[in-house]
Every structure is written in C-alpha cells, then in structure tokens.
Amino acid sequence: MGLCGVAAILAPLASAHANSGVKLSRAVYVERVADNGQREIAPARQFRKGDTVILLVEWNSARAGDAFTVSSPIPPSLSFKRSSLRTQSVSVDGGRNWGLIGNLRIRDEFGERMATVEDVTHLRWQIAPGDAGQKNGRITYSAIVR
C-alpha cells in the first residue's frame, strides 16, 4: 500500500472558506486500531489506503451573532464518511449544486443513480446566528483514504 503525506490531504483544504470576519484553522488526524484493539487517534503524519482520517475545522468569528457559511472540498484522495454536524449540505459535482445525500443524483458510466457518500466532492455547513454568537466552534468530518 502506498503512503500519502499530510500535505497532499491538506492542500485542497486551503480553499475552505467562510464569510469575512471568520478565521478558519485546520488539522488532520488518523484513526487506527492499536494491537490491544483500542481505537487511537493521533495527529497525522502519513496515511495508507484504507485509513480513517478525521479532519477538524475550527472557526473563530470577530462578530457575534452573524450567520455564516463554512465550506470545504473533499480531497480527491479521500472518500467522505460522516460529519459531526448532520446539517451539512453536500455537493457531488464539484460545488456547483448542493443538497442532501438521498436527494442528489449523479450520472456515471452505468447511467443515472442516487449519489452516495463516496461521491461527495464538497461539504458546506450553515452556522446559525445562535452558534455564531459563541464566536468559535468546531466541525469535524471523517473520511477514508482511497
């Protein structure tokens, strides 16, 4: 199995954005099962195909109470698994159209079908005024290294 560096995973995340006045920071962790069977999460240095990675996006807002949007592409080397916030919108076409898994369709070499989490190319979260009023927060999502 080939190894993949953290920079290759983080590079596409540099385009994650939010409305003005919001600062984002990112971190990547890898989840593995130790010899004793316990799940371990550690800062990522490199990945192998099949690894579960946890991507953390922290936001800080200078203005309390203003709703905003945080979006992030899913690096092509990852397959989206789940998000800590179930209210995310997803895109399966590079960020052109947004919706929920179960409502989006894609066309591939086999015809048209319902999109699955493996098809997700971008994630988007709406941060409501009440949450934005806290001035900071954290969103995590997990993915599998392809």
| request: Starting from the amide H of Leu85, placed 1.01 Å from N in the peptide plane, find each other amide H under 5 Å away whose residue is 5 or more places distant or on another chain. | output: Thr140
| field | In Hz, Karplus ³J(HN,Hα) per residue of the range 73-81 (6.51, -1.76, 1.60; θ = phi - 60°; x = Gly, Pro) | value | x, 8, x, x, 7, 10, 10, 4, 10
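Where does the chain land on Rg/Rh, using Cα atoms and the Kirkwood Rh? Write out the running numbers ahead of the final one.
On the way: Rg = 16.1 Å, Rh = 16.2 Å.
The Rg/Rh ratio comes out at 0.99.
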| HN-Hα J in Hz across the range 103-117 - Karplus 6.51, -1.76, 1.60, θ = phi - 60°, x for Gly and Pro | 10, 9, 10, 10, 10, 10, 5, 9, x, 8, 8, 5, 6, 10, 4
| Taking other Cβ within 10 Å of each residue's Cβ, how do Thr69, Thr121 sort, fewest first? | Thr69, Thr121
| request: For Ala115, enumerate residues with amide H under 5 Å from its amide H, sequence gap 5+ or separate chain, H modeled in the peptide plane. | output: Gly102, Leu104, Arg105, Ile106
| With each pseudo-label sitting 7 Å past Cα toward Cβ, what's the Ala64-Asn36 distance in nm, one decimal? | 4.4 nm
| For the range 135-143, in order, what is each residue's ³J(HN,Hα) by Karplus, 6.51 cos²θ - 1.76 cosθ + 1.60 with θ = phi - 60°, in whole Hz (x at glycine and Pro)? | 6, 7, x, 9, 10, 10, 9, 10, 8
| Whose amide H sits under 5 Å from the amide H of Thr121, counting only residues 5 or more places off or on another chain, with H placed in the peptide plane? | Ser91, Val92, Asp93, Gly94
| field | Given charges at Cβ of Lys, Arg, Asp, Glu: the range 3-145 dipole, positive-most of Trp59, Leu85, Tyr29 | value | Trp59
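Got the relative contact order for the range 3-145 handy, in percent, Cα pairs under 8 Å and 6 or more residues apart?
Across the range 3-145, relative contact order equals 32 percent.
Since every read-out is calculated from the coordinates, none of them should be taken as a lab result. Nothing here was measured: the structure is a model prediction, and the numbers come from that model. Using ideal geometry, Cβ is built from the backbone for each residue, glycine included, and neighbour counts are taken over all protein chains shown.
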